[in-house]
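The values are calculated or read from the model by the stated rules, or taken from the named source; none is laboratory data. For clarity, every value in this text was computed on a predicted model and none was experimentally measured. Cβ sites come from the backbone with ideal geometry, for glycine too, and all protein chains shown count toward neighbours.
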Amino acid sequence: MGKLFQFSKVLIFVLVGFGILYLMYQSQQEAYYSDCISSTPDSDCSLMTKIMSDFRSVRWIWIFVILGIYMISNIARTLRWQQILRADNYHPGFVNSIGTLMIGYFVNLGIPRAGELVRTGMLSNYEDIPIEKSLASVVIDRVADIIALLIIITITLLLVGGDLFAFLADNVSPSTLYLLGGLAVMGCIGLVIGIGVIRRLIKQGSQNWLVQKANSFIDGLQAVTQLESVPRFILYTIIIWVCYYLMTYLCFFSFGPTAHLSAKVGLMIFVLGTMGIVFPSPGGMGSYHFLVMNGLLLYGIESTDAFSFANIVFFAIQLFCNVLLGLFFLILLPIYNSATDGA
């Protein structure tokens, strides 16, 4: 029954992602056909044919540059993660740290957010770190990302706030914003209550297994106050998010219709794309396409070209890099750790 439940969750998430992507493709196909039919024979009016043609026209040198930048961001994230764990007196190796990170990204393509649990479990197994300590380090890692993203959104509002508000007015109803705001408030309240309950159980001196693990987890969170170098932690965070931004902006130059767009536009599309990836679909499939495509429409990019650009970024970088590296480390880590244990 448990395996059936897990399979059902994966299937639901995948169907949601593919469903959004399919609906977008259908709407774009209809629009493209209507524009194309007046001047082009029916046989050439296929959106899929256009997308394939757009992929062939990509300047792949930029894609390889972007993949290199992506790996720099992963190295910086790995070093930041190791720094968090060292603050709690654990010293994981670099290979296991970056390997489990990339496997986690790979798992996220199937089950959103499950990759965080997988990488904590695998690192705990390979490096003999208590699972609650590893999990606490990932929570700190993600909180740092949330703070960084909020700062980036603030900068975006200052630089291209009018464009962002125009996008929200065209694509998001007020009721949806109220719902999202309400869910965010409820989530914060639930988090505060949960922490309060855990602390109360601990103060009561309960010695059951769950409370001991919770106490260890909270100690792991508090380890962030013992970082060996706060400036270095901030530097790693800046490198991660600058790399993420550059991956979007530089990708403009790989595709003719977007090559003229400015760095400010890159910031706007980067923020929207990040929001799409946060959405609980496999790797942001569908939601990423929707937000990036509609963002590009604000800057005069044709909808079909915008759809092609979103696919270029998503499939050439998100899927190609994460799938390839995830499978590579999934094979490598057992071999690497067996050799290390044998030595």
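Going through (1) touching a Lys or Arg at 6+ places or on another chain (Cβ under 7 Å); (2) at pLDDT below 60; (3) charged (D, E, K, R) one by one, D88 falls short only on (2). Tallying residues that are within 25 Å of F314 (Cα to Cα) and in contact (Cβ under 8 Å) with a residue 40 or more places away in the chain within region 75-103 yields 7. Annotation: D305 fulfils all but one of (1) in contact with an Asp or Glu (Cβ under 8 Å, 6 or more places away or on another chain); (2) modelled with pLDDT of 90 or more; the unmet one is (2).
Would it be correct to say that F279 is touching a Ser or Thr at 6+ places or on another chain (Cβ under 6 Å) and at pLDDT below 90? Explain how you work it out, then say what you get.
On the way: touching a Ser or Thr at 6+ places or on another chain (Cβ under 6 Å): yes; at pLDDT below 90: yes.
In short, yes.
Just one of (1) over 15 Å from the mean Cα position of the chain (by Cα); (2) touching a residue at least 12 places away in the same chain (Cβ under 8 Å); (3) under 15 Å from P334 (Cα atoms) fails for N125. It is (2). Scanning region 226-244 for residues that are in a helix (DSSP H, G or I), of a type outside the set (A, V, I, L, M, F, W, C) and either in contact with a His (Cβ under 6 Å, 6 or more places away or on another chain) or surrounded by fewer than 19 Cβ atoms within 10 Å (Cβ to Cβ) (or both) gives Q226, P231, R232.
Can you find a residue that is more than 21 Å from F55 (Cβ to Cβ) and outside any helix (DSSP H, G or I) anywhere in region 267-279? Yes, that holds for at least one residue.
Among residues belonging to region 70-88 that are out of contact with any Phe, Trp or Tyr (no Cβ under 6 Å at 6 or more places or on another chain) and among the basic types (K, R), point out the one that is surrounded by the fewest Cβ atoms within 10 Å (Cβ to Cβ). Among them, the one singled out is R86.
Residues of region 307-324 that are surrounded by 22 or more Cβ atoms within 10 Å (Cβ to Cβ) and farther than 20 Å from V278 by Cβ: F307, S308.
Go over the candidates S97, S73 one by one and state the one that is in contact with a Ser or Thr (Cβ under 6 Å, 6 or more places away or on another chain), among the hydroxyl-bearing types (S, T, Y) and modelled with pLDDT of 90 or more. None of the others qualify; the one that does is S97. Apart from one condition, S137 fits all of (1) assigned to a loop (DSSP other than H, G, I, E, B); (2) surrounded by 17 or more Cβ atoms within 10 Å (Cβ to Cβ); (3) at pLDDT below 90; the exception is (1).
Restricting region 95-134 to residues that are among the basic types (K, R) and within 27 Å of T340 (Cβ to Cβ), which is surrounded by the most Cβ atoms within 10 Å (Cβ to Cβ)? If we take residues in region 95-134 being among the basic types (K, R) and within 27 Å of T340 (Cβ to Cβ), then R119 is surrounded by the most Cβ atoms within 10 Å (Cβ to Cβ).
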